[in-house]
Amino acid sequence: MVKLLDLQAITMQHAEEYEAAAKRVIESGWFLQGRENETFERDYAQYIGTKHCIAVANGLDALKLILRGYKELGVMKEGDEIIVPANTYIATILAITDNQLVPVLVEPTWEHLELDIDICRRHGLKLMEDCAQSHGCTWKGVRTGALGDAGAHSFYPGKNLGAFGDAGAVTTDDEELASVIRALANYGSQKKYVFRYVGMNSRMSELDAAILDVKLKYLDEDNQKRQQLAAYYYEHIDNPLITLPQRLSDENNVYHQFPIFCERRDELQTYLKDGGVQTLIHYPIPPHKQECYREWNDRSYPITERIHQQELSIPMNQAVGREEAETVVRLINDFR
């Protein structure tokens with residue numbers, strides 16, 4: 001079986017370092033908002049290239065806190081519109097509606113599956129990055145998470161930089177925003193038992209911070225292995241029934257997933273499963289067709305719907321060996 005993601009194999013590569021990190025936390029007797037969080041925040045901010053990193057409980061909270069922070073600072077108010085990709089994961093939109101803001105769903109390009117962010121420069125808009133799947137990615141020499149005004153990061157276990165549970169972070173150069181977000185994530189408090197904001201409880205555990213700091217040392221190396229696997233796929237997948245996303249000349253994609261597209265996607269998925277290859281659909285139902293946003297169900301976003309009808313993610317992680325990659329390619333090329 002060629003696994004879509006083999007977390008056990010990935011984890012065992014540095015198991016001794018994780019055990020040492022866990023032992024250090026256990027022996028410290030300090031499990032929240034301690035030295036491990038401080039160390040990871042410092043190291044991750046330096047890695048991303050921002051002045052501030054605020055560790056939080058998960059990626060959704062990171063998104064919500066950025067928007068909430070801007071509301072507290074008066075940059076935006078209830079009812080303001082937020083431009084968001086129509087083909088995104090539901091969390092991106094949940095963060096907007098949870099803040100009583102209005103999502104404006106925009107179609108991506110079919111070739112690149114992304115929006116044109118130059119609109120922010122032309123119109124003086126705030127750019128908030130959802131970096132849930134782009135740990136270590138760069139664009140024109142700048143890492144995602146430092147491209148915009150603030151970046152939200154998810155460290156869900158399956159991500160390129162994954163914790164041993166849910167965890168997240170916000171990165172930004174905006175000192176005022178960072179201060180507000182840090183308080184909001186701590187019940188709204190900047191001083192013990194003094195609450196300036198109606199906040200929330202969103203904190204990263206010391207254990208996850210320690211684990212993430214170990215993994216951060218290997219992130220670029222692991223991403224390079226993903227890039228090599230992606231290059232192999234691009235070079236060798238050759239089937240007129242299969243479409244691959246267009247590669248950009250100025251990208252440094254870290255390939256959290258490797259999507260392929262096929263009009264007979266469901267048949268292809270069954271065929272690959274029978275051949276011993278795990279796949280996953282990202283995502284079977286677009287946000288505007290979900291029951292929780294039923295008021296949008298009659299809307300039409302043709303490119304987004306085409307993506308969700310044809311997308312299939314094939315094995316992509318640093319543990320996939322050459323023989324496994326050859327199996328994936330052979331099966332895909334033999335699909336008729």
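The values are calculated or read from the model by the stated rules, or taken from the named source; none is laboratory data. These numbers were taken from a predicted model, which means no experiment stands behind them. Because the Cβ atoms are built from the backbone with ideal geometry, glycine has one as well, and the counts that use them run over all protein chains shown. With ligands, DNA and RNA removed, areas are computed over all heavy atoms of the protein, side chains included. Shrake-Rupley method; radii C 1.70, N 1.55, O 1.52, S 1.80 Å.
Restricting attention to the range 1-35, which residues are open to solvent by 30 Å² or more (accessible area, probe 1.4 Å), over 30 Å from Val328 (Cα atoms) and in contact with a strand residue (DSSP E or B) (Cβ under 9 Å, 6 or more places away or on another chain)?
Correct list: Phe31, Leu32, Gln33.
Any residue in the range 180-189 that is among the β-branched types (Val, Ile, Thr), under 30 Å from His256 (Cα atoms) and touching a Lys or Arg at 6+ places or on another chain (Cβ under 9 Å)?
In the first step, residues of the range 180-189 are kept if they are among the β-branched types (Val, Ile, Thr); the result is 180-181.
Then drop every residue that is not under 30 Å from His256 (Cα atoms), which leaves 181.
Next, only the ones that are touching a Lys or Arg at 6+ places or on another chain (Cβ under 9 Å) stay: 181.
Yes, the conditions are met somewhere in the range 180-189.
Could you grab me the full set of residues in the range 60-93 that are closer than 18 Å to Gly151 by Cβ, within 15 Å of the chain's Cα centre (by Cα), open to solvent by 10 Å² or more (accessible area, probe 1.4 Å) and not acidic (Asp, Glu)?
Of everything in the range 60-93, those that are closer than 18 Å to Gly151 by Cβ, within 15 Å of the chain's Cα centre (by Cα), open to solvent by 10 Å² or more (accessible area, probe 1.4 Å) and not acidic (Asp, Glu) turn out to be Leu60, Leu63, Lys64, Pro85, Thr88, Tyr89, Ala91, Thr92.
Is one or more of the residues making up the range 186-195 open to solvent by 90 Å² or more (accessible area, probe 1.4 Å), charged (D, E, K, R) and touching a residue at least 40 places away in the same chain (Cβ under 8 Å)? Quick ask: steps written out before the conclusion?
Residues of the range 186-195 that are open to solvent by 90 Å² or more (accessible area, probe 1.4 Å), as a first pass: 187, 190-193, 195.
Imposing the further condition that a residue be charged (D, E, K, R) reduces the set to 191-192.
Cutting the leftovers down to touching a residue at least 40 places away in the same chain (Cβ under 8 Å) gives us none.
No - not one qualifying residue is present in the range 186-195.
Residue pairs, Cβ under 6 Å, 6 or more apart or interchain, first in the range 47-60 and of a type in the set (D, E, K, R), second assigned to a loop (DSSP other than H, G, I, E, B) and modelled with pLDDT of 95 or more. List them.
Lys51/Asp173
Checking the structure you have, find out if any residue of the range 137-147 is β-branched (Val, Ile, Thr), surrounded by fewer than 22 Cβ atoms within 10 Å (Cβ to Cβ) and under 18 Å from Tyr44 (Cβ atoms).
If we filter the range 137-147 for residues that are β-branched (Val, Ile, Thr), which is where we start, we get 138, 142, 144.
Still in the list and also surrounded by fewer than 22 Cβ atoms within 10 Å (Cβ to Cβ): 138, 142.
From what's left, under 18 Å from Tyr44 (Cβ atoms): 138, 142.
There is at least one residue in the range 137-147 that is β-branched (Val, Ile, Thr), surrounded by fewer than 22 Cβ atoms within 10 Å (Cβ to Cβ) and under 18 Å from Tyr44 (Cβ atoms).
Give me a count of the residues in the range 242-298 that are among the β-branched types (Val, Ile, Thr), more than 21 Å from the chain's Cα centre (by Cα) and open to solvent by less than 30 Å² (accessible area, probe 1.4 Å).
Of the residues in the range 242-298, 2 are among the β-branched types (Val, Ile, Thr), more than 21 Å from the chain's Cα centre (by Cα) and open to solvent by less than 30 Å² (accessible area, probe 1.4 Å).
Please identify the pairs in which a residue from the range 30-42 that is within 11 Å of Arg203 (Cα to Cα) and touching a residue at least 40 places away in the same chain (Cβ under 8 Å) has its Cβ atom under 9 Å from the Cβ atom of a residue that is basic (Lys, Arg) and open to solvent by 30 Å² or more (accessible area, probe 1.4 Å), counting only partners at least 6 apart or on another chain.
Within 9 Å, the pairs are Leu32/Arg203; Gln33/Arg203; Asn37/Arg203.
Among the residues that make up the range 148-158, is at least one of them open to solvent by 20 Å² or more (accessible area, probe 1.4 Å) and in contact with a His (Cβ under 8 Å, 6 or more places away or on another chain)? Give the steps one after another, and end with the answer.
Of all residues in the range 148-158, those open to solvent by 20 Å² or more (accessible area, probe 1.4 Å) come to 148-149, 156-157.
Pick out the ones that are also in contact with a His (Cβ under 8 Å, 6 or more places away or on another chain) and you get none.
No, there is no match, as no residue in the range 148-158 is open to solvent by 20 Å² or more (accessible area, probe 1.4 Å) and in contact with a His (Cβ under 8 Å, 6 or more places away or on another chain).
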